[in-house]
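Working notes, structure below.
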Amino acid sequence: KQGPQQYLNWVISFYVVFLVPAMAFLSAGGAIRDELKSTTTDYVFTRPVRRPVFMVGRYLAHLACVQVDFLCALAAVVGVGIHREVPGLLAAVPLLLLAQVMLIAAFSALGFLCGVLTSRYAIVGIVYGAVIEAGVGQIPTQISQLSMTHQATAMLLTLTDAAAEASVLSTTGLLVLFSATMLGLAAVIFTRLEFSGQQPA
């Protein structure tokens with residue numbers, strides 16, 4: 001009986017608030033770095049497409065694909081839980097799905113920002129994760145709210161709390177704001193980048 005309860009805790013603490021953000025970040029960083037290659041810039045940016053529009057469109061397209069991928073992953077995780085008869089799992093699915101969707105959006109935006117800044121976006125992500133998510137997020141004060149995964153964890157742990165609705169709304173709003181800010185910064189930086197073009201053979 002302890003095993004099934006541990007499974008739900010694993011879904012929250014490992015799958016939703018660690019694995020999903022990490023994979024979303026790496027996927028997004030790699031996607032935007034591909035767009036910065038000379039073979040892409042030589043073609044795409046000779047067209048009358050404004051860079052901020054391109055950035056937002058690329059983010060939304062990438063986000064839609066990643067959401068579908070992780071929806072399948074969540075379905076598999078829930079399927080295993082149902083097979084193991086984990087108590088409370090089905091009731092938690094809507095909130096798990098919401099947390100997954102919002103964390104993917106937030107960390108994809110962060111991945112786009114870091115990918116625009118440097119080709120070593122993975123290192124930046126590790127530093128960010130260690131300092132903000134693993135470090136600041138564990139401090140038992142208001143500063144821990146800077147951690148997006150801490151916010152998501154707090155929301156998921158209110159599954160049976162009477163104040164859960166308020167927690168869901170505030171956490172969702174914060175993640176939306178974080179996503180918009182990261183994407184906005186990425187678009188501004190991307191607009192100011194100078195592309196050297198493809199080197200002549």
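The values are calculated or read from the model by the stated rules, or taken from the named source; none is laboratory data. Everything numeric here is computed off the predicted structure, so don't read it as measured data. With ideal geometry, Cβ positions are generated from the backbone for all residues, glycine too; neighbour counts draw on all protein chains shown. Quick note on the areas: whole protein, heavy atoms, side chains included, nothing else; ligands and nucleic acids left out. Shrake-Rupley method; radii C 1.70, N 1.55, O 1.52, S 1.80 Å.
Laid out as a table, the results:
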quantity: Residue under evaluation GLU85, criteria (1) in contact with a helix residue (DSSP H, G or I) (Cβ under 8 Å, 6 or more places away or on another chain); (2) modelled with pLDDT under 80; (3) outside any helix (DSSP H, G or I), criterion not met; calculated: (2)
quantity: Among (1) modelled with pLDDT of 95 or more; (2) surrounded by fewer than 17 Cβ atoms within 10 Å (Cβ to Cβ), the one test that VAL101 misses; calculated: (2)
quantity: Tabulated pairs, the range 163-183, first closer than 21 Å to ILE132 by Cα, second small (Gly, Ala, Ser) and at pLDDT 95 or above, C-beta under 6 angstrom, 6+ apart or interchain; calculated: LEU175/ALA106; PHE178/ALA106; SER179/ALA105; SER179/ALA106; SER179/ALA109; MET182/ALA109; LEU183/ALA109
quantity: Per-region count, the range 58-95, residues surrounded by 19 or more Cβ atoms within 10 Å (Cβ to Cβ) and under 14 Å from the mean Cα position of the chain (by Cα); calculated: 5
quantity: Output for the range 113-134, where each listed residue is closer than 21 Å to VAL16 by Cβ and open to solvent by less than 30 Å² (accessible area, probe 1.4 Å); calculated: GLY125, GLY129, GLU133
quantity: Hits in the range 173-201 (condition: in a helix (DSSP H, G or I) and at pLDDT below 90); calculated: PHE190, THR191, ARG192
